[in-house]
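Readers should treat all values here as calculations from the given coordinates under stated rules, not as data from a laboratory. This is a predicted model, so every value here is computed, not measured. Please note: Cβ atoms are built from the backbone with ideal geometry, for glycine as well, and neighbour counts cover all protein chains shown.
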Amino acid sequence: MAEISLTFPDNSQRQFEAGSTTLDVAKSIASSLAKKAVAGQLNGTLVDIEQPLTQDGNFQILTSDDAEGLKVLRNTATFVLGAALKKIHADIHFGEHQSSDDGFYLDTDRAAGQVTVTELPEIKKVMAKIISANQPIERRVADKADLLNEFKDDPYQESLLNAQDAVQVAVYQLGNYTSFGDRALLKSLAPLKHYELLSVAGAYWQGKSSNPMLQRIYGTAFYKAPELEADLKRRAEIKERDHRTIGRDLDLFFVDPEVGAGLPYWMPNGATIRRVVERYIIDKEVANGYQHVYTPVLANLNLYKTSGHWAHYREDMFPPMDMGDGEFLELRPMNCPSHIQIYNHHNRSYRELPIRIAELGMMHRYEKSGALSGLQRVREMTLNDGHTFLAPEQIQDEFKSVLKMMMEVYDDFNITDYTFRLSYRDPANTEKYFDDDEMWNNAQAMLKQAMDDLGLDYYEAEGEAAFYGPKLDVQTKTAMGGEETMSTIQLDFMLPEKFQLTYTGADGQEHRPVMMHRGIVGTMERFVAYLMEMYKGAFPTWLAPVQVEVIPVNLDLHTDYVKDIQKQMAAKGLRVKVDLRNEKMGYKIREAQTQKVPYTLVVGDQELADQSVSVRRYGEKDAADEPLQEFIQSVQADVNNYSRTTETSANSSIEAKLDK
RNA sequence: GCCGUUUUAGCUCAGCAGGUAGAGCGCAUCCAUGGUAAGGAUGAGGUCACCGGUUCAAAUCCGGUAAACGGCUCCA
């Protein structure tokens, strides 16, 4: 009898009879392991627990405690969901499905009427029936040709089958529901007890917007009830962190349909946060050699024809305004052409380089209506934009210095949760970009080299570049779990060419500069939204719209003192609100807490007599008396220190690399 | 833009076998003058998103438009 050799995670090796199953292997190790085992993993591929093993290789037994073991449960849930849908709608077709850390989904299509959310409870009932019947799911290996015949009326399954290289395909079957593809399912449906169907949403077949749209059913499943409960609770709590919820509760911004979708209004509270960020970043940039400018949001369309925006970015631009005299004005979608005009306004010498032009530049992009979302995705936005014009040999140093400034800013805002992404053009779709293979390859290689030299971790993504050049993007997560670009550094050889930019070199000849586009805090809209979510609305003192709220114990006796405190603090540039409404103290304190004001002061006879204040910090239950002057100084220190509690820099290791 | 859902007072929502609207919070006024998370009373506030249709009668049924939400595609 032939034998196979399995290497376990601890590197030990054992021989088994060919055709042994994961369950056999588990039993040979420990009966407790056999009980917990849900599947195996051979050379990275999931195998069913009773699937015969015929190959040597690295082998791992997956249990209900493993992340991969959870996937097996979710694969099984997806399968049962499919079986249930097939029972309810015999004519339903299935697209792709997936299990992940966040749950599972199954794509469906039904010509007679798509599945909707209202059907989910019924579907769940049918799933429960299938699970309690607990018929074994039959696994077999079938000829691709036979399967093609079986699925000849289902274009999606047919297409998925044709994409398979193998002649033989693994098939799972339960009743008249058949599903193929390599994956592991549970042997018994019994452990599938704690699951939920969450939502239904449209999804393009194979992710292409030119393809038909299927209905994607999302769900999740766990081995243990408390895990499911915790996950559902987590999903409910996402809403509390969502910047749209916080924006309304704290009166930060709104979007008014009467005005237009994607055109947010900043209320005084939100405007205050934005103003603090704007002042901060302008000061920072000026200190780092940037020259801040103001340029118009409107420009002659020709500017964007020259830049290539009209050719490559038109879909995202508002339609030009026909002025009636042959002139067309365009709302700018990017600031780069404007800054190029600034560069071009004078003759430039190599001695001036690098020239750094910066602006909080307002731009307009006609985003697709379905993409709009609060402040995260808008049609009018203000970018913390900067363009450096430099000589080619200055690229490396400038890249490093931008990155260094970025890390310093992240430190001040206490931002630590992000990843670097190198964004390249899509090689299969080059017509979307400026056409110059050599420049693209060069620029991409230079960016990668710079990151490697610095020893920074990053991942690479094709198809994410700007149309004029590759980018280093800093990716962050929204409360909803979406990934978004916050900061970006872009290398551009194209626009200097298009605009015929030059500088006079030491040799007296004209040379072409390189452009570096960069945004540090990104757009004010997205950045402030990010801060809202990161802090759950409880902004640190230096950013908080209201830093201190003062409440008198008795309106008749203490109003003067409250006003005096406000006056003194306002004189120091602090943002103080007094609450002189005819309400009880407890009521006002509650409101100050729900509005997440960093410091709530209560003053009565005692405080008035001592010229002190009773200080209660946000989120704390207790209050403590403190001399007024001492308190004012401590708040000032808090603000000046960007409300950092520790001196150590979260990004220090990266900064150290940059200093080398 | 696409698929699905939703749209009722400033906010959160109820009403919907078709018979022209309700609650809580908030707001205003009055009473209560209160020491660390909601004191009481009274009152104002809505052409039920908008435009059409069906009907004796539409917030409720049907169609269209817009916006929001969940996703997909796209993106700072």
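For the residue pairs A:Lys284/A:Lys305; A:Lys27/A:Lys124; A:Lys239/A:Lys572; A:Lys86/A:Lys187, alpha carbon separations beyond 30 Å are given by A:Lys284/A:Lys305; A:Lys27/A:Lys124; A:Lys239/A:Lys572.
Place a point 7 Å from Cα of A:Lys432 in the direction of its Cβ. Which residues in region A:457-478 have their backbone N less than 11 Å from it? So the set is A:462-467. Taking the inverse of the mean 1/r over every pair of distinct Cα atoms in region A:257-331 gives a Kirkwood hydrodynamic radius of 15.7 Å. Please tell me the relative contact order of chain A in percent, rounded to the nearest whole number, where contacts are Cα pairs under 8 Å and at least six residues apart. Reported relative contact order: 9 percent. The orientation-averaged projection of the convex hull spanning the C-alpha atoms of region A:548-640 amounts to 5.4 square nanometres. In chain A, the DSSP-assigned H stretches of four residues or longer account for a calculated mean residue ellipticity at 222 nm of -11000 deg cm²/dmol, using -39500 (n - 2.57) per stretch and the full residue count as denominator. Return one number: the angle in degrees, 0 to 90 and rounded to the nearest 10, between the long axis of the Cα atoms of helix A:268-287 and the longest principal axis of the Cα atoms of chain A. Helix A:268-287 sits roughly 80 degrees off the main axis of chain A.
For region A:16-33, 3J(HN,Hα) computed residue by residue from phi via the Karplus equation (6.51, -1.76, 1.60; θ = phi - 60°) reads 9, 5, 4, x, 4, 10, 4, 4, 4, 4, 4, 4, 5, 8, 6, 5, 5, 5 Hz, glycine and proline entered as x. Size descriptor for region A:456-546, Kirkwood hydrodynamic radius: 16.1 Å (Cα pairs only, one decimal). Taking a ≥ b ≥ c as the square roots of the Cα gyration tensor eigenvalues, with a/c under 1.5 meaning rounded and otherwise prolate when a/b beats b/c, else oblate, which class fits region A:310-380? The shape class here is oblate. Would you mind counting up the charge near A:Tyr156? Only other residues with Cβ under 15 Å from its Cβ, with Lys and Arg at +1 and Asp and Glu at -1. Residues close to A:Tyr156 contribute a combined charge of -3. Ratio of Rg to Rh for region A:253-534: 0.95 [Cα atoms; Kirkwood radius as inverse mean 1/r over pairs].
Computed over neighbours whose Cβ is under 14 Å from that of A:Glu196, the net charge equals +4, Lys and Arg +1, Asp and Glu -1.
Length gained on full extension, A:Val141 to A:Ala201, computed as 0.36 nm times the residue gap minus the Cα-Cα distance: 18.3 nm. Using a cutoff of 8 angstrom between alpha carbon atoms and counting only pairs six or more residues apart, the relative contact order for region A:545-602 works out to 53 percent.
With no solvent and one equal point scatterer per Cα, compute the Debye intensity ratio I(q)/I(0) for region A:497-621 at 0.21 Å⁻¹ and report its log10, rounded to two decimals. The computed values of log10 I(q)/I(0) come out as -1.15. Computed over Cα pairs, the Kirkwood radius of region A:3-63 leads via Stokes-Einstein (0.890 mPa s, 25 °C) to a diffusion coefficient of 222 µm² per second.
Under the rule a/c < 1.5 gives rounded, and otherwise a/b versus b/c splits prolate from oblate, where does region A:196-329 land using the Cα gyration tensor? Taking the square roots of the gyration eigenvalues as a ≥ b ≥ c, region A:196-329 is oblate. Take the Kirkwood radius over Cα pairs of chain A, plug it into Stokes-Einstein at 20 °C and 1.002 mPa s, and you get 72 µm²/s for translational diffusion. Here is the size of region A:46-167 from its Cα atoms: Rg then Dmax, 16.2, 49 Å. Each of A:His309, A:His345 has some number of other Cβ atoms within 10 Å of its Cβ, and from fewest to most they run A:His345, A:His309. Relative contact order, whole percent, for region A:253-534 stands at 20, derived from Cα pairs under 8 Å and 6 or more residues apart. Using only Cα atoms, tell me the angle between helix A:437-454 and the longest principal axis of chain A; keep it within 0 to 90° and round to the nearest 10. For A:437-454 against chain A, the angle is about 80 degrees. For region A:119-161, the fraction of C-alpha pairs more than 17 angstrom apart is 57%.
Taking other residues whose beta carbon is less than 11 angstrom from the beta carbon of A:Thr382, and scoring Lys, Arg as +1 and Asp, Glu as -1, yields -3.
Note on region A:68-234: Cα convex hull, mean projected area over all directions, 9.7 nm².
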